[in-house]
Structures are given as structure tokens and as C-alpha cells.
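In what follows, a single structure is set out as C-alpha cells and then discussed.
Here, each number is a calculation from the coordinates, and none is a lab measurement. All figures in this text were calculated on a predicted structure; none of them were measured in a lab. Note that each Cβ is placed from the backbone with ideal geometry, even for glycine, and that neighbours are counted across all protein chains shown.
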There are 2 protein chains.
Amino acid sequence: MQPKIAIIGSGAVGAYYGGMLAHSGADVHFLMRADLAAVRERGMTIRTRGETVHLAAVKACATTAEIGPCDLVIIALKATANHALDGLIPPLLHERTALLTLQNGLGNEEYLAARWGAERVMGALCFVCLNRTEPGVVEHFDHGTISVGEFIGGPQARTRQIAEALGAAGIEAQVVENLVTERWRKLLWNIPFNGLAIAAGGATVADVLASEGLRGSARALISEVLDAARRLGHEIEDAFADFQIERSYSMGPYKPSSLIDWELHRPVEVEAIWGEPLRQGVAVGAQMPRLELLYRLLQRLVLH
Amino acid sequence: MQPKIAIIGSGAVGAYYGGMLAHSGADVHFLMRADLAAVRERGMTIRTRGETVHLAAVKACATTAEIGPCDLVIIALKATANHALDGLIPPLLHERTALLTLQNGLGNEEYLAARWGAERVMGALCFVCLNRTEPGVVEHFDHGTISVGEFIGGPQARTRQIAEALGAAGIEAQVVENLVTERWRKLLWNIPFNGLAIAAGGATVADVLASEGLRGSARALISEVLDAARRLGHEIEDAFADFQIERSYSMGPYKPSSLIDWELHRPVEVEAIWGEPLRQGVAVGAQMPRLELLYRLLQRLVLH
């Protein structure tokens, strides 16, 4: 029997991955609030690489009770809204329901594990440029790669099945051996570039790289995060840290996603991206004075 | 014969101290640009503690060549405008002209000493709340204490004479044994509170103290600065560092002067208050990662 999938959080990320899965024939159920009426009336549209994917009949519900128990729950809420999961998840669970979080940063798998058991929990890193242009409409600009892994232990049969289902939906998907290591690798970029972008008052990647001072601060932050990651047992090579700077030169005046969120007065995932890595690093003796100051400034700056 | 005094920079600070000296009968010559016509027409006004001091006939000039050689040159420009001194100072010099900078932070005495000789250079710290409300008009809200010292060596006869002249003008003035130590003591407050005020997007002293994170960052910055000051030979007691936090509670929602400058898009003395202390500290082996990040952020934030 085909697995039943729920998408919790139908912003750009949830709508894109869920929509592509549904388009490939998967049994996908969307929890929707703001977009529910529009999607029931007009369906969902994904504009991707010159192609338009239209889903006329979308299974969209206003509550998770309407959706009922699923085999896989994909969580694409902002991490700042995790508290809402306490009420949303239980109606979706049967004994073997897997919970897959697409959220950024650290602490999201732990949040799910603490409430519904670590063995259910999976995570994925999405490298994708999306924009929700209107209710039920997502613009897909670039990339789309998704790396799926288990919170506890290495890949299982379900890990590979999910990656295959995503691949069949036209998404470049891979299985990662160590999900948490991959999260730290991504943080090596997100912590400096997303953070300095906001704290420097709206600096693009090019702005950070063009300023000797900010570029040096980005490098110093990367060193702090790398040291913390290694103390926590994640093997990340020195060259990867340099690569986070080098690869950024080709991005030009790119606005990191947190900067866009900040400029649009949307929630910024300060705890997941800066707070939790700081706490985990400090707990194992890492010195992270720059990250600490950056985190404290961001906490206030995102209040607007 | 009465000493001839020039005031370079007739913003609020220059106008207040120069105006009070002139009011007491000293021979004070003001270099003025923006306010020249207004002051020639209407004189200068200082509103202080319920009293209005009006100077009908002010010796105001548009160039330092018109002023000519002086015994004492009081410099009250923003440190960001120091380059202008290269042309302004020479016409004011005779063999024994003293140069007294009222500017904030570090590096200003060095700037003067490198160009016109260290033996001429004196400095003062002003603790005063002023506002230039219109051309030629200064509002004096609070304090006014000025601490005068020599750049090289201890107090001399001239140091005491200047303090006495200020005292005779109704200003609480004192002579300090070690000017540079006093500058570091003041930086212990200015570096965290002026800096976090801007970097946190407009935080008053009360805002910094009310946030556990920002208050902790202020304390950590004070520790970095205290370590640097001690490595540079300045004896500052631990209790003074704590006092910088404790005394701030009574300030309430006070906006540090750099925050006001920043909000009004005026120049902020980033190099004098953050850059130069960082460079001096790092040169003697101090670890100042928080100050470094704060400095780099401020460099960009003040560009607007």
C-alpha cells in the first residue's frame, strides 16, 4: 500500500517538496491555514525551471485530525513555531509514523524526539531557493537538493525509501550517514553569513566578503563553530571551513534567507541557528565569544 | 598678559567650554563655519541650569589664519574629522602653543603629537550632557566636569593653570595624573554601552541592562577592555569594572552619545572608541574577540 504523507507547514518549502511528491503520484495531505481556501479553489502551482507544475486536486485540510494517522509526517514549519507541533502531531501518529523535519539549524530533531520518541525522528537539509509568491503558488529558482538522514544511528530502509520517493518526484535526493554532522557543516556557513547579514544592518554575501573586517569576522566565526563541531565528535576537515568562504565569492550580492526574513519582519530562527549551536559548543568547553555576542545582538535585532 | 585661546570645532562641546571661558573674561577665539554668520549677528547663548549666559561680542573667525598664533588651542572636533587639523593647526602655533584635545577615545593625542610634537599635547575628558539646539545656541543639561592631563608625563604648571581657568569659568575641573589611564577608564563604559546601543539596533542603557544576554555581553566586553588596559600598564581596580555596570542602572533609558549621533546620521567615532583600543590591546597580546566583532559591525553600521 502507498505510504500516507502529511506536510505540516505549507510555506514555500512544504509546498514545494510536498507538491512535487503529490505530482509524482504520492499520497500527500497538506495542513493549511492561510492558503486553504485558495488551494481548494485553484489548486497548487509550482513554477520550476521553465516548467509549470499544476495540481488541480490537492488534499488540503485545516486540522491534523482531518488528516489522521500517516506513515510519514514532513515538518516544514519555521523552528520558531515548534510549540505548535505539540497539538498538531498527535492526531497524525500511528505506531510506526516517521517524523521528518526539514527545518534549519539545531534542536528540531531533539524537540520531536523528546515528545514522540527518538526512533521516529528523521531530518533533512534542503538546499533550495524558493519563493511563495501568492497563496498556493511557489516559484522555484534554483537548486533543490535534499539530504535525508536519521536522527539516531545510520540510514535505514525508510531513509532510502524516502530519498527514492523524492528522486521519483524529480528532486535530487541523497541519504546522509550522519545527519547531525551535516547540520554542523551547513551551520559553518549559516552562522557567519546569515548572522553578519543581519547584525551588519543588511549585508549581502558580497558585502561581507568585500569588507576585510567582516570577512575576517566570518572566518573567525567559522573557526569557533568548527572547533565546537569537532568537540562534539563531528569530523569536518579544515578545507571545508575554507571552502565556506571560497564558494561564497560566486554568490555575489546574495541575501541569506535570514536577512530576507528579517527585512520582511518575518520570524528568524535565532535559537536554531545561533542559540543552540552556542549552547551545545559551550557545554563541551568550546570558546565561542564571537558567536555569543552575535547571538545576543540577533536576539534583540529580530524583535524589531 | 592674558593667554590667547582658540577653539577648533564649535559644536556643542567647543561652544560650551569656550563660551564659558569667554564669559569669565578669557581671550577666546572661535573657529566657526556653519554658525559664523548667526554668531556674528546674534552672539552665543548657553542655557545652563536655569541660567542663560549670553555673549554679545564673540571673537569668531572663518579661518585659523585670521585667529593667528595662540597660547592654547582647544580641539573639539569630532575625531572623524582629525584630517582637517593638518591645515587648521599650523597658523595657530607659536613655539610654546599647547594643544588640548577634548575628543573621545584613543589616538587623538597621538595624532597631534605625531604632527606638532608630543610636548605640546594635552587632553581632557569631558563628562557633560549638551545639545546644540540652533546656530550659536547650546543647551547644557547636566554635569560638566572636565579632567585635564598631560599626554607625556605628569601634570605641569600649565595643566593646573588650565584647570584653574576652567574653574574660574564655573566649570568643575580637575587635573589628572595619568590622562591615558583615565581614557581607558572611560572606555570601559563607552566601548560596551555606546557600541551595543548601535549594534543592537538602538538600545538604551536600560535596554542593555534589562536583557540578560546584552548585559552579559557588556560585562564580557568590559573584561576584555580591562585586560587590555592592564597589559598596557594602566592600573584599574576590578571594582571599577563592576561599577561601570552598577552605576548604569540609575541612567534609565539614556541614549549613549554615539547612538544619538548614529540615529541622526552624524559621524560616529568608531576608530577612536573601538578601533584604536582594539589595535592597542591586540598589540600587547590581549584577546579581544568580542570587541573585534563589535568593531567590525560598527564600521559597517555607521556607513548607513
Pseudo-label separations to other copies for B:Tyr249 - Cα-to-Cβ vector, 7 Å, nm:
5.3
Each residue of B:202-211 has, on average, a number of other protein chain C-beta atoms within 10 Å of its C-beta equal to 1
Which of the peptides B:274-281, B:216-223 is most tightly packed, and how do the rest follow, judged by the mean count of other Cβ atoms within 10 Å per residue?
B:274-281, B:216-223
State the Kirkwood hydrodynamic radius of region A:64-166 in Å, one decimal place, computed from all pairs of distinct Cα atoms.
14.6 Å
Excluding near-sequence neighbours (fewer than 8 apart on one chain), the protein assembly as shown holds lysine pairs with C-alpha atoms under 24 Å apart numbering 12
If you build a Gaussian network model of chain B, linking Cα atoms that sit under 10 Å apart, which residue out of B:Val180, B:Val28, B:Val284 swings the most?
B:Val284
Let me make sure I get this right: for region A:157-196, a, b and c are the square roots of the gyration tensor eigenvalues over alpha carbons, sorted descending. Under 1.5 in a/c it's rounded, otherwise prolate if a/b > b/c, else oblate. Which is it?
oblate
Value of Rg/Rh across region B:181-303 [Cα atoms, Kirkwood radius]
0.94
Between the label point of A:Glu212 and that of the same position in each other copy, find the distances and list them shortest first in nm, with every label point placed 7 Å from Cα along the Cα-to-C-beta direction.
4.0
DSSP H segments from chain A that extend 20 Å or more along their own axis, Cα-based, with Kyte-Doolittle mean of -0.5 or above
A:179-199, A:212-231
Rule-of-thumb check for region B:4-177: C-alpha Rg over 2.2 N^0.38 Å?
0.95
Output row for B:Gly43: copy-to-copy label distances, label 7 Å along Cα→C-beta, ascending, in nanometres, one decimal, is 8.5
Histogram of C-alpha separations across the protein assembly as shown, 20 Å bin width, %:
18, 40, 24, 15, 3, 0
Per residue of A:214-221, how many C-beta atoms from partner chains lie within 10 Å of its own C-beta, taken as a mean?
3
Springs between alpha-carbon pairs under 10 angstrom, Gaussian network model over chain A: which of A:Ile236, A:Ile198, A:Ile74 fluctuates most?
A:Ile236
Identity and axial distance of the chain A residue whose Cβ lies nearest the axis relating A to B, Å
A:Pro289, 2
Cβ charges +1 (Lys, Arg) and -1 (Asp, Glu), total dipole of chain A, debye:
440 debye
Rounded to the nearest 500, the 222 nm mean residue ellipticity computed for chain A from DSSP H runs (n ≥ 4, each -39500 (n - 2.57)) alone is -13000 deg cm²/dmol
What's the FRET efficiency of B:Ala57 with B:Thr145 using the Cβ-Cβ distance as r and R₀ = 41 Å, to the nearest 0.05?
0.90
In peptide B:50-61, how many Cβ atoms from other protein chains are near each Cβ within 10 Å, on average?
0
